[in-house]
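The values are calculated or read from the model by the stated rules, or taken from the named source; none is laboratory data. Model, not experiment: these values are computed from the prediction. Cβ sites come from the backbone with ideal geometry, for glycine too, and all protein chains shown count toward neighbours.
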C-alpha cells in the first residue's frame, strides 16, 4: 500500500468518524465520540478549546471518583451540558468539580449528579484523559465560517437563516456525499486500472459496496427509530417538611406518584424497559409492549430522602422493535441494554445478506457506461 492510498483511507476514516459524531450528537443532544470544552474550568487536564474522546456512558461501565464525565447540569453553566470530574460519590449522586474550580458544582445549590444525567465519560489511559489539542477551537472556527457564509447566502436570497440543527443536518448530508464520493472514486479508480481500456468510459461500482451502504442506512434508521423516542428523563423533587399538591414536593421520607404516558407511533410493535438511574424512583410496569398506535400509562413513584432539600430522580427508557421473540429481547436486555439493538439490526440485515449470498456472486459489479452520442445505460455484470 503506497502513501497515497494510505492517506485516502485515513481521510475516509476521519471523515466517517466526524459524520457519525456530528449526526449522533445532534440526535441525542450531547457529544458522542468526540467532545470539547469551551471554558478553562478543566485546566490543566483540558485547556479551553481542547477536545476529548467521549465514550457513551452505557459502554463506559460504572463511573466513579476521578472520572471526567459529561452530564446534564441543573444550574451549572445555565443548566447546559457540562464536562467536569467526579470528586465524591454519595448515596444521592455524584459531587462534581472542574479541576480549575475552587469549589464543587454542588456548592451553588446544584443537586448531586445522578447516573441518568451522565451522558459520556472522557477516555483515560493510565488515569490521564486523552486530550485532542485545539479540536474545539478548530470546530468553532469552521462553524463560524460556515454560519457566516450561510447568513450571506440567506440574506442574498431573501430566505430565513437555518437553525443550528437544520444546518447540522445539511452539513451531515454534504459530508456524507463527500464521503461516498471519495469512497466510490477510490474503488472505481482501482478497478479501472485493472480493466482493459476501451473506447467507452465506464464507471464501475461493486454491488457488495452498494448493498453495504444500503444496509447501513436501513439499520441507522431503525436504530434512530428505537433510540429517538426513548432516553433518560430526570425529575426534580423537593424533600419538604410538609405536604403539597404537587407530586414533586414530597414530605421527608415519603413517596408520591405521577403518570407517564408511553406511546408507539411507528408501524412495528415495540417493547420498552424502564430502568432506575438513581435512588428514590420506581416505575410500574417496568416493561411495556405496545402495538402500532397504542398508548399506555406508567406510574412513576418518587421517594424523598430523609433530609430536606432539592434532589434529582432519573430513569431511562430503552425501546426496541419487536422483530424477535419477546423472551429473547428480555434475555438480551438483561445482559446489556445495547445488546438488543445489535440483535434487532442483525435481524433486519439478515434477509438482505442471505439473498446476496444466494443470488449474488463474488466480483459482481454495476457498470454505468457512456459513449459519445449515446445515452448512459446500466447493467449488472
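Quick notes on this one:
- In this structure, residue 231 does satisfy being closer than 30 Å to residue 296 by Cα and modelled with pLDDT of 80 or more.
- Residue list for the stretch 65-81, restricted to those being at pLDDT below 90 and either closer than 15 Å to residue 121 by Cβ or out of contact with any strand residue (DSSP E or B) (no Cβ under 9 Å at 6 or more places or on another chain) (or both): 72, 75, 77, 78, 81
- Residue match in the stretch 129-147 (condition: closer than 28 Å to residue 280 by Cα and modelled with pLDDT of 80 or more): no
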